[in-house]
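Structure, as structure tokens:
Where a number appears in this text, it was derived from the coordinates with a stated rule and is not lab data. The model shown is predicted, which means the values in this text are computed figures rather than measured ones. Positions of Cβ are backbone-derived with ideal geometry, glycine not excepted, and every protein chain shown enters the neighbour counts.
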Amino acid sequence: MSAPVKIQYLKGIGPAKAKLFERLEIQTVQDLLHYYPRTYQDRRLNMPPNEYNADSLTIFKGRVLRTQQIPAKSVLIFKAVLEDEKGEQLECTWFKKRMYRAFRFDPFGQLKKDFHLNNEVWVIGRKNDRGAMFGNQITVDEYYVAADVMTQWHAGRLTPIYALTEGLTNKQFRQFMVEALQSPTLTETPEILPSAILQKRKLLSAPQALKAIHFPNSLAELNVARTRLAYEEFLLLATAWGIKRTQTKVLAKDYAYEIKKTLLTPFKEQLGFDFTGSQKKVINEIFSDLLSPRPMNRLLQGDVGSGKTVVALCAMLLAVENGYQAALMAPTEILAEQHFLTFKRILKDLPVKVAILTSSTKTAQKKKILQGLADGSIQILVGTHAVIQDNVQFHNLRLAVIDEQHRFGVKQRSKLKEKTAKLDLLTMTATPIPRTLALAFYGDLAVSTISELPPGRQPILTECATSKLAYDRVRSEVQKAVRHILFFRS
Ligand code: ADP
Ligand code: MG
């Protein structure tokens with residue numbers, strides 16, 4: 001494979017345009033080829049309904065019958081009437097602001113040239129109601145002169161629509177894409193799929209697929225192009241997971257757990273409730289990970305109130321009774337504080353030292369905590385992002401728990417992992433994630449689910465809402481609460 005060609009060397013793109021492409025993360029011609037359409041418009045004539053030809057969109061090809069410029073107060077209007085082969089007529093309208101006048105520049109100059117009598121053109125536009133009484137009338141979005149060689153890429157076909165940035169139009173972008181598809185970069189696109197797989201799965205070659213994803217000749221061709229590109233993406237992902245799994249397998253922990261029950265038994269006794277069946281199941285899953293020679297990477301999911309915290313605490317106590325440290329990171333100070341108080345309460349008669357570290361921990365206190373973490377006298381640390389700051393050094397951190405993990409970024413999570421080379425990681429969330437999605441997001445991840453609430457709880461209702469609906473709901477609940485308080489005060 002030859003060196004990648006910078007996008008600015010593609011015909012028609014200079015350094016200035018290249019900057020716009022950079023905003024789309026397109027640096028090379030190869031990047032451009034892999035910038036797939038956001039959607040398509042079916043700009044073929046008389047196509048039966050499909051997902052790409054919305055009702056509101058009109059595609060018309062016809063000859064210019066007459067044109068007219070109408071002076072109005074604030075806008076200039078240009079109209080053209082077209083007639084197609086079947087004798088059907090369409091009135092097309094363009095509007096321009098009047099300010100152009102000041103520059104003695106005819107805003108319709110190009111239009112008048114292109115819409116000379118009898119010239120054949122394609123127009124793409126939206127029906128406008130105002131003219132309905134005069135028959136077919138549209139406001140034109142794009143037009144193309146039928147005889148132009150480039151027109152075949154914009155009209156009379158399934159036309160790609162790209163997600164763009166200001167300063168680029170879809171028309172320009174398609175033109176650059178055609179340029180890229182005709183450049184040597186396309187044919188030099190490396191084929192990463194083995195030919196045996198290509199044959200067995202009847203997949204398009206990489207260049208064929210790229211050509212067809214941008215300019216499909218039919219809906220069927222679009223489908224096979226997608227299949228090929230999706231197959232490639234999934235194969236790459238699956239391969240990456242496979243490599244990661246193999247790496248994790250050889251990555252043996254240099255520490256081991258043993259269930260001693262010196263802390264776990266008294267903890268269970270003073271808890272005041274029994275674990276639900278679900279909690280028992282996930283504790284078993286987590287413990288078998290901890291006891292295995294490979295580092296744990298497990299997601300614990302369960303509704304709010306399903307009792308994830310005590311499950312995490314079990315795991316942390318197993319670490320502590322083996323002489324290791326454990327840390328729990330929460331996304332907000334309030335949550336960290338809550339966990340800290342819970343831990344203090346549940347562990348009050350046990351020989352376990354718990355500390356909390358957040359950005360508002362006072363300097364003197366913080367110094368003491370850092371000392372305790374370094375010498376191992378603090379066994380459990382609860383905190384916010386402050387936990388992963390560089391000045392926090394642990395004596396022997398072996399287990400990290402992340403609460404509400406979806407609210408932390410990937411960077412923060414991996415930073416916690418960096419804190420010590422081989423670490424057992426438990427992440428918790430109330431947002432259920434299907435296994436396949438979890439894998440896609442986080443790589444090789446095991447998932448445990450708490451599927452029942454402790455006895456006596458109201459079932460939790462999960463709903464999907466727009467932000468407006470959500471705010472309205474919060475507002476009405478707050479009002480209810482306020483009314484309730486006022487009622488009891490009076
Ligand atoms: P979440 O999964 O939302 O983090 P918590 O761990 O905060 O839920 O648990 C909510 C409450 O339920 C806590 O007060 C906890 O002590 C209590 N709890 C947890 N497990 C049980 C159980 N098996 N029986 C009764 N109460 C429980
Ligand atoms: Mg919680």
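A compact table of results
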{"read-out": "For the chain, convex hull of alpha carbons as volume per residue, Å³", "value": "291"}
{"read-out": "Kirkwood estimate for the stretch 327-371, i.e. one over the average of 1/r between Cα atoms, Å", "value": "11.4"}
{"read-out": "Kirkwood-type radius of the stretch 84-223, with distances r between different C-alpha atoms, in Å", "value": "18.6"}
{"read-out": "Helix-derived mean residue ellipticity, 222 nm - over the chain, DSSP H n ≥ 4, -39500 (n - 2.57), to 500", "value": "-12000 deg cm²/dmol"}
{"read-out": "Burial order of peptide ranges 256-264, 383-391 (average beta-carbon count within 10 Å, highest first)", "value": "383-391, 256-264"}
{"read-out": "Tensor-based shape of the stretch 301-397 (alpha-carbon gyration tensor, a/c under 1.5 rounded, otherwise prolate or oblate)", "value": "oblate"}
{"read-out": "Under 5 Å, built H, 5+ apart or other chain: amide partners of residue 146", "value": "120, 121, 122"}
{"read-out": "Relative contact order (%) - criterion: Cα under 8 Å, at least six apart; region: the stretch 243-336", "value": "37"}
{"read-out": "Peptides 31-44, 220-233 ordered by average Cβ neighbours within 10 Å, highest first", "value": "31-44, 220-233"}
{"read-out": "Value of relative contact order over the chain, rounded to a whole percent, pairs C-alpha under 8 Å and six or more apart", "value": "12"}
{"read-out": "Set of aspartates and glutamates with alpha-carbon distance to residue 253 below 18 Å, sequence-local pairs under 8 removed", "value": "285, 289, 321, 418, 424, 444"}
{"read-out": "Where a label projected 7 Å from the Cα of residue 452 along Cα→Cβ would reach, residues of the stretch 243-287 with amide N under 16 Å", "value": "273-284"}
{"read-out": "Within the chain, percent of DSSP bridges classed antiparallel, to nearest 5", "value": "55"}
{"read-out": "Out-of-range pairs (alpha-carbon distance over 29 Å; input 260/280; 17/415; 127/468; 348/480)", "value": "17/415; 127/468; 348/480"}
{"read-out": "The stretch 226-295 - Rg (one decimal) and Dmax (whole number), Cα, Å", "value": "19.5, 58"}
{"read-out": "Backbone HN-Hα couplings from phi across the stretch 343-351 [Karplus 6.51/-1.76/1.60, Hz, Gly and Pro as x]", "value": "4, 4, 5, 5, 9, 4, 9, 9, x"}
{"read-out": "Spin-label model distance (nm) - residue 489 vs residue 254, 7 Å beyond Cα toward Cβ", "value": "6.2"}
{"read-out": "Sorted by Cβ neighbour density within 10 Å, fewest at the top, the residues 316, 177", "value": "177, 316"}
{"read-out": "Reciprocal mean inverse distance between Cα atoms of the stretch 156-257 - Kirkwood radius, Å", "value": "16.5"}
{"read-out": "Debye intensity ratio in log₁₀ form over the Cα atoms of the stretch 283-327, taken at each q of 0.21, 0.33, 0.34 Å⁻¹", "value": "-0.74, -1.33, -1.34"}
{"read-out": "Net charge over other residues, Cβ less than 13 angstrom from the Cβ of residue 22 (K, R count +1; D, E count -1)", "value": "+2"}
